[in-house]
Amino acid sequence: MEKLIDLHTHSLKSDGSMTPAEVVREAKRAGLAAIALSDHDTVDGIREAAAEGEKIGVEVIPAIEFSVQSKTETHILGYFIDIENPDLLKTLKEVVDLRIERNYVTCQRLNELGFDITIEEVRALAPNNFVGRAHFARVLMDKGYTKSVKEGFDLYMTSGKYAYCEKQRLTARNAVELIGKCGGISFLAHPHLTKLGDDELKEFLKELKGFGLSGLEGYYTDYTPEMQEKYQAMAKELGLLISGGTDFHAAMKPHISIGTGLGNMKIPYSVLEAMKAERDRLKKE
């Protein structure tokens, strides 16, 4: 039987519905051999996830997802990172401070659009006080302003929409280089969200490869078969690896299932094997 994986999962203790350990147990139920816990701008859940994985037989890769400066929306995934690295921990503190500022901007802009929500209501959905756009979108849905979390994102908080705040601490280069300092390898997540044309995207990838980027996300929930084929071919053309995952967010994105995304994704373990080989190669340099 083919071993399957999901290298883009989140816990964030999103709304209290799923802890990092529960994410790992969900992966076990889904028949996955390995996952990467890649929460946004934090490594707080990795120890718990790794301990549960060791207990029940699911391989857990320590990972992180950074939002970086961009005219649109650009995220960098880091795998096999040392979560004790001092440079990483210092940077994460700065990133979180800016996230708090960004959340106030988002709340103000949603108020200006006529939505009666407060930052306190949003924080109530994040028991660990780690607030993201999904929490704002959940409040919009709960109050009847939108029909789903996804609708709130799409209408108001994706890149280019009024309540989207583009302030970020790191550039893409900063994120790639920081991940390298932590012993990790970096990948461009969901490249379609950068909204770059294919030629621009290739140039961007070439530039980041020069700073240490190892690959791009070749499997992703929102890809059509044509997009998946295109991004995997692009990676091969540029001498980059592929990663892949669902962007599972538990109850914050209930339409996405761990391991299968919208229902038909299958990411082979060979993807992870290639990533491990790259990590080991870089260690020897």
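The orientation-averaged projection of the convex hull spanning the C-alpha atoms of segment 194-285 amounts to 6.9 square nanometres.
With a 1.4 Å probe and every protein chain left in place, work out the accessible area per residue of segment 245-285 in Å², rounded to a whole number. Accessible area per residue, segment 245-285: 51 Å².
About the centre of its Cα atoms, the chain shows a dipole size close to 100 debye [charges on the beta carbon of Lys, Arg (+1) and Asp, Glu (-1) only; nearest 20 debye]. For T171 and R279, the difference between the fully extended length at 0.36 nm per residue and the C-alpha to C-alpha distance is 36.6 nm.
Counting only the Cα atoms, segment 234-280 fills a convex hull of 98 Å³ per residue. Starting from the Cα of I100, step 7 Å toward the Cβ, then list every residue of segment 134-162 with an amide N under 20 Å from that point. Those under the cut-off are 134-136. Between helix 225-238 and the chain there is an angle of about 50 degrees, using the helix long axis and the longest principal axis of the Cα atoms. Full extension of the chain between E151 and N264 yields a length gain of 38.4 nm, computed as 0.36 nm times the residue separation minus the alpha carbon distance. Calculated mean residue ellipticity, 222 nm, the chain: -13000 deg cm²/dmol, from DSSP H runs (n ≥ 4) at -39500 (n - 2.57) each, averaged per residue and rounded to 500. The structure-derived value of semi-axes √(5λ) of the Cα gyration tensor in Å appears in the list (1) 28, 22, 19; (2) 41, 20, 16; (3) 42, 31, 20 under the label (1). For the chain, the longest principal axis of the C-alpha atoms and the axis of helix 20-29 are separated by about 60°. Of the trypsin sites (Lys or Arg not before Pro) found in segment 93-176, those that fall in a DSSP loop while having at most 14 other beta-carbon atoms within 10 Å are K143, K147, K161, K167.
The values are calculated or read from the model by the stated rules, or taken from the named source; none is laboratory data. All of these numbers come straight from a predicted model, not from anything done at the bench. In this analysis, Cβ positions are derived from the backbone assuming ideal geometry, glycine residues included, and neighbour counts consider all displayed protein chains. What goes into the accessible areas is simple: the full protein's heavy atoms, side chains included, and nothing from ligands, DNA or RNA. Shrake-Rupley method; radii C 1.70, N 1.55, O 1.52, S 1.80 Å.
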